[in-house]
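In what follows, a structure is listed as structure tokens, so that the remarks can point back to it.
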Amino acid sequence: MVRPAAVAADGKMAKRGAVGVEGEVTALLPHGLVRIRVAAGHEVVAHPDAGRQRNFVRVLVGDRVRVELSPRDPGRGRIVRRVADGE
């Protein structure tokens, strides 16, 4: 039996169980990791997705970002995109 692939609203493949949230970068950590404060003051350690690493997109302290949280460890995540000030 072949199951249909999960497709997100933007047409990209959706990760199973990943939860998307927005937050603000609070600290830059070694090895490309970033500490992000999300809703209710929770802290998450995240890394940029492969496209951001390959294209050298910079994330600075104070930037608003969208993060997909790991379903296994809600304290870890992946930065999906930077959020512009007007969004």
Inset, instruction - Looking at (1) at pLDDT 75 or above; (2) surrounded by 13 or more Cβ atoms within 10 Å (Cβ to Cβ), find the lone condition where R72 falls short. - result: (2)
Inset, instruction - For region 57-64, indicate whether the set of residues that are at pLDDT below 90 and small (G, A, S) is non-empty. - result: no
Legend entry - Subset of region 1-55 that is at pLDDT below 70, of a type in the set (D, E, K, R) and not in a loop (DSSP other than H, G, I, E, B) - its residue that is surrounded by the most Cβ atoms within 10 Å (Cβ to Cβ): R52
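Can you give me the number of residues within region 59-84 that are part of a strand (DSSP E or B) and either of a type in the set (F, W, Y) or more than 8 Å from the chain's Cα centre (by Cα) (or both)? Let's see the steps before the verdict.
Taking region 59-84 first, the residues part of a strand (DSSP E or B) are 64-69, 76-83.
Right, trim to either of a type in the set (F, W, Y) or more than 8 Å from the chain's Cα centre (by Cα) (or both) and you get 64, 76, 82-83.
Total meeting the criteria: 4.
The values are calculated or read from the model by the stated rules, or taken from the named source; none is laboratory data. Keep in mind that this is a model prediction, so the values were computed, not measured. Glycine also receives a Cβ, built like all others from the backbone with ideal geometry; neighbour counts cover every protein chain displayed.
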